[in-house]
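The values are calculated or read from the model by the stated rules, or taken from the named source; none is laboratory data. Since the structure is predicted, the reported quantities are computational estimates derived from the model, not experimental observations. Note that each Cβ is placed from the backbone with ideal geometry, even for glycine, and that neighbours are counted across all protein chains shown. With ligands, DNA and RNA removed, areas are computed over all heavy atoms of the protein, side chains included. Shrake-Rupley method; radii C 1.70, N 1.55, O 1.52, S 1.80 Å.
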Amino acid sequence: MSQFGRRNRLGEWWDRLITVNSPDEEEARLGRLFNTLMVISTGTALALALTFVIFWLLKQIGDLPFWLAVAFPAAYLPLSPACLLWAKRGRVRLVARFYSWVNFISLSLAILVFDGLRSGAWPLQLWTIVVAGTLISPAYALLMTGLLVGYALLLGILSLAGIYTPPLSGGLARESIFIIFTMIMLVSTGGLLTYLNMRSLREALGRLRATSRELEEQRRMLEQRVLERTADLARRTAQLEAAAYVARRAAEIRDVETLLNETVRLISERFGFYHAGIFLLDERGEYAVLQAASSEGGQRMLGRGHRLAVGKVGIVGYVAGTGKPRIALDVGKDAVFFDNPDLPLTRSE
């Protein structure tokens with residue numbers, strides 16, 4: 001398998017591991033981020049446990065029982081994968097709250113047991129606060145920060161009063177453990193978590209922008225349709241008004257010749273037609289004879305006594321013969337159309 005193929009399969013495996021099945025896009029985004037953090041949390045717990053192992057091998061662990069020192073970070077090894085599997089069911093915010101409080105309480109207990117105010121577990125609380133603020137809400141992070149400050153003040157007061165003394169101490173290794181734990185938190189929280197959170201937000205912003213563009217495009221299409229419908233309604237209204245006006249004028253005129261001439265003039269004028277003509281059948285019903293026309297070409301046709309054989313020549317002849325209306329939107333494609341040299345601009349009839 002090529003290196004590219006291996007990277008592809010690794011990427012697919014990683015996606016399956018962190019993807020959360022949720023119809024809500026924001027919940028799915030938070031789920032992917034939370035599951036990624038659980039993988040980092042597992043690695044951090046291993047790093048913390050390894051730190052105690054190294055200090056134990058170097059005999060720098062002081063009076064701390066080795067099994068107890070390792071037990072705290074080791075407890076996170078099953079916790080983080082369990083939370084990951086829980087989050088994959090779609091209850092991300094609930095799992096994040098559970099994880100944050102378990103983390104907060106267990107680290108507070110570790111501080112109480114190991115070295116108190118000088119405990120190396122203090123920097124680890126940064127992970128708890130940042131995870132809570134990122135996945136739950138900024139108010140949650142503020143709440144935990146306040147509780148942590150209050151807890152530190154309480155331990156300080158109890159220590160000064162001689163009421164509290166840490167049961168276990170790391171001895172000379174305390175400062176080294178504190179520095180190492182701080183570095184681990186800087187890498188995991190300040191580096192990885194910040195990067196992952198910003199990348200997740202950028203991806204969400206990109207999807208939001210794409211959605212906004214689609215919505216904007218749909219809005220423009222709807223506006224265009226509204227304009228087209230409005231123009232079509234305006235055109236139909238104008239046609240109905242023109243038809244009503246022509247009908248009223250026709251009812252007012254008694255002379256047939258005047259009626260026909262006025263009708264074609266009004267039809268051309270009100271409907272915006274290039275040419276309008278009225279044909280009447282001759283006495284035998286063999287020809288449709290042009291009786292009135294609105295255009296110059298139509299006037300020439302009238303002067304020649306223009307007529308069309310019923311049922312044989314042109315669209316007019318077809319309609320006169322069948323009694324059915326016919327519309328040719330493109331006369332060049334209509335086999336029935338009669339090409340009239342007096343009306344060269346005709347495109348529909």
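Details
- Criterion violated by Leu37 - all others in (1) open to solvent by 60 Å² or more (accessible area, probe 1.4 Å); (2) among the hydrophobic types (A, V, I, L, M, F, W, C); (3) within 21 Å of Asn21 (Cβ to Cβ); (4) at pLDDT below 80 satisfied: (1)
- Listed by first and then second residue, the pairs linking a residue in region 101-113 that is aliphatic (A, V, I, L, M) to a residue that is in a helix (DSSP H, G or I), with Cβ atoms under 7 Å apart and 6 or more places separating them unless they lie on different chains, are Val102/Leu79; Leu107/Gln125; Leu107/Thr128; Ala110/Phe72.
- Residue match in region 303-322 (condition: over 17 Å from Leu343 (Cβ atoms), assigned to a loop (DSSP other than H, G, I, E, B), at pLDDT below 85 and not small (Gly, Ala, Ser)): yes
- There is no residue in region 48-58 that is at pLDDT below 75 and within 23 Å of Leu142 (Cβ to Cβ).
- Number of residues in region 19-31 that are assigned to a helix (DSSP H, G or I) and surrounded by 19 or more Cβ atoms within 10 Å (Cβ to Cβ) equals 2.
- Region 232-252 residues that are under 14 Å from Glu269 (Cα atoms), paired with ones that are modelled with pLDDT of 80 or more and of a type in the set (Phe, Trp, Tyr) (beta carbon under 7 Å, 6 or more apart): Gln239/Phe271; Ala242/Phe271
- Candidates Ser100, Ser119, Ser108, Ser80: the one that is more than 34 Å from the chain's Cα centre (by Cα), at pLDDT 75 or above, open to solvent by less than 10 Å² (accessible area, probe 1.4 Å) and not basic (Lys, Arg) is Ser119.
- The residues on offer are Ile136, Ile184, Ile163, and the sole one that is open to solvent by less than 40 Å² (accessible area, probe 1.4 Å), modelled with pLDDT of 80 or more and not small (Gly, Ala, Ser) is Ile136.
- Cross-chain or 6+ apart pairs with Cβ under 8 Å, region 77-98 first and farther than 22 Å from Gly43 by Cβ, then outside any loop (DSSP other than H, G, I, E, B) and among the charged types (D, E, K, R): Gly90/Glu27; Arg93/Glu27
- Contacts under 8 angstrom Cβ, first residue in region 203-227 being assigned to a helix (DSSP H, G or I), partner open to solvent by 80 Å² or more (accessible area, probe 1.4 Å), 6 or more apart: Ala204/Glu25; Arg207/Glu25
- Restricting region 1-29 to residues that are among the hydroxyl-bearing types (Ser, Thr, Tyr) and modelled with pLDDT of 65 or more, the residue that is farthest from Pro81 (Cα to Cα): Ser22
- Within region 280-299, considering residues that are assigned to a strand (DSSP E or B) and open to solvent by 30 Å² or more (accessible area, probe 1.4 Å), the one farthest from Gly314 (Cα to Cα): Gln291
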